[in-house]
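First comes the structure, then the notes that go with it.
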Amino acid sequence: MVFSSLLFLFRFLPVMLIVYFAAPKRFRNGVLFIGSLIFYGWGEPVYISLLLFSTLVDYVHGRLVWRFMEEGKQKRARLCVASSVIINLGLLGVFKYADFLLETVGRLTGLSFPLPGLALPIGISFYTFQTMSYTIDIYRKEASPQKNIIDFGAYVSMFPQLIAGPIVRYHTIAEELRERTENFAGFSRGVFLFAVGLGKKVLIANTIGALWTQISGVPDAERTVLMMWMGILAFGMQIYFDFSGYSDMAMGLGAMMGFHFPENFRYPYTAKSITDFWRRWHITLGTWFKEYVYIPLGGNRRGAAVQVRNIAIVWLLTGIWHGAAWNYLLWGLYFGVLLLLEKFILKPYLEKMPSAVRSAYAMIFVFLGWVLFAHENMAEGLQYFTQMAGAGGIAFASRRTWYLLVTNLPLLAAAVLGSTPLPGILCRKLSGRVRETAELLFVAVILVLSVAFLVDASYNPFLYFRF
């Protein structure tokens, strides 16, 4: 079940909210837990057991780590943390990476291995990171263990952020799990955020994603340089509005029920450097790798050589987190190299450049990176690069290219404008009453248009579900 579906909007969500608010406060975490399991199990009921197993593993490990820490048994506490990490990474390894690893070993050795062919459980990359961080934070004394397994289950399985984030660290909402404020102001804010996210997803991501699908399906003989650049612009906008739209909907649903989830996107396409871009894109994943990989490895405290190693490890892991394929690994290393170049060589030069030049530099390299991300077939990705560069005598444009550009120019312009803070700035300039009325009308229009699109739509993927 996805947020941008009629089933969710008109069946699951209304029933969930009615039951949730009708229940006494002390039972609401239980309602949330059960409702989240229903939400998760709607499409893949077999993997509810895996989610419950991960929940139970870290509930028990968290309690044990806390007990051993209280008793001064540091070694046993560390063993429990290691056990939690091994089990969670083992789940990821079996369900996400087993086929890839066996195929790779087979190619290197010439041997043939039977492949498990297991389907990837939706959200496993997100909820395993959450449960691991819970146990680690208890060891670090940054969180206290949750004694109520229902409350902990509600945290792990919480449907707003279960299958595509944001990655919510336990200590950031521990207080709200115990006692939270649910009021009309918070609910209204949640509805607004949800509407914004739904509009991003349905009206922009789906529509511009169809353009990317169309362009990527054009035969090689009919491709042009301008068409290839337009295609990767469409893909970059699709993945941004798809994922940030989901994050907005997640934050909105959380706000309706009194939770405050962390921000996951901060206008990344307005970045002035690659470093700046990654402070704005998928913020909770970057924070997770910083807190649980980069800093424990030594961060930037042990000299340049160790820092280079640490950044390389983090970006290798960031790439492979996104998928079990070589293109994701290369995509991660690509950004790792760019970040190292900025840190050790380019930073003083970038700081002297005009703002527009820095923005252009950052976006060119970000969108070149999307070519790697978009093509699991490395040969196709390399060919796409050569076509963008005009290699092999490929034409700059054609009648078909100009037709695609002219007919999709309003959509591309709306996407580019919507990826900046300008619409929000203009809205905030309105006076209080006028702004409230404008926001109400905006929500109504977005919801009506989104539902109309969904009724007639056959193209409604969520790109990050496969990660």
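Read-outs: derived from the displayed coordinates by stated rules, not from any lab. Since we're looking at a predicted model, the values are computed, not measured. All Cβ positions, glycine included, derive from the backbone under ideal geometry; neighbour counts span all protein chains shown.
Tell me the volume per residue, in Å³, of the convex hull enclosing the alpha carbons of the stretch 6-180. Each step should come with its number before you reach the end.
Details: hull volume 22.5 nm³, N = 175.
Given the Cα convex hull of the stretch 6-180, per-residue volume reads 128 Å³.
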When His171, His322 are ordered from fewest to most other Cβ atoms inside 10 Å of their Cβ, what list results? His171, His322
Lysine pairs with alpha-carbon atoms under 24 Å apart, the chain, spacing 8 or more or separate chains: 16
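Which order do the peptides 347-354, 194-201, 10-17, 175-182 come out in when sorted by mean C-beta neighbours inside 10 angstrom, highest first?
Values: 347-354: 11.0, 194-201: 25.4, 10-17: 15.0, 175-182: 13.5.
Most protected by this proxy first, the peptides run 194-201, 10-17, 175-182, 347-354.
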State the label only: which of [x] 25.9; [y] 21.3; [z] 22.9 corresponds to mean projected area of the Cα convex hull in nm² computed from the shown model? [x]
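For the chain, give the magnitude of the charge dipole about the Cα centre (Cβ charges: +1 Lys/Arg, -1 Asp/Glu; no others), in debye to the nearest 20.
1180 debye
Averaging sequence separations of C-alpha pairs under 8 Å and six or more residues apart, then dividing by the length of the stretch 113-236, give the relative contact order as a whole percent.
Numbers: 57 pairs, mean separation 26.9, N = 124.
Relative contact order for the stretch 113-236 comes out at 22 percent.
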Dipole check, the stretch 107-170, charges on Cβ (K,R +1; D,E -1), about Cα centroid: among Phe113, Val168, Ile124 the Cα furthest to the positive pole belongs to Phe113
With the dipole of the stretch 186-466 defined by +1 on each Lys or Arg Cβ and -1 on each Asp or Glu Cβ, the option from Gly432, Val448, Phe261 whose Cα lies farthest towards the positive pole is Gly432
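Report the charge-dipole magnitude of the stretch 6-180 in Debye, nearest 20, computed about the Cα centre from +1 at each Lys and Arg Cβ and -1 at each Asp and Glu Cβ.
On the way: 18 positive and 12 negative charges, 93 e Å.
Once rounded to the nearest 20, the dipole reads 440 debye.
Please report the relative contact order for the chain, taking Cα pairs under 8 Å with a sequence separation of at least 6, and give it as a percent rounded to a whole number. Walk me through the numbers before you get to the answer.
Working: 559 pairs, mean separation 83.1, N = 467.
Taking the mean separation of contacting Cα pairs over the length of the chain, I get 18 percent.
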So how far, in whole Å, is the C-alpha centre of the stretch 352-381 from the one of the stretch 130-149? 38 Å
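Normalising by the residue count of the stretch 1-152, find the relative contact order in percent from Cα pairs under 8 Å and 6+ residues apart. Walk me through the numbers on the way to the answer.
Details: 113 pairs, mean separation 42.8, N = 152.
Relative contact order comes out at 28 percent.
When a footprinting reagent is the concern and you count Cβ atoms within 10 Å, what order do Trp402, Trp212 take, fewest first?
Details: Trp402 13, Trp212 21.
With the fewest neighbours first, Trp402, Trp212 line up as Trp402, Trp212.
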Could you state the principal axis extents of the C-alpha atoms in the stretch 353-448, from the largest down, to the nearest angstrom? 59, 36, 27
Considering only Ala360, Leu333, Asn300, whose Cα is most displaced toward the positive end of the charge dipole of the stretch 281-362, charges sitting on Cβ of Lys, Arg (+1) and Asp, Glu (-1)? Asn300
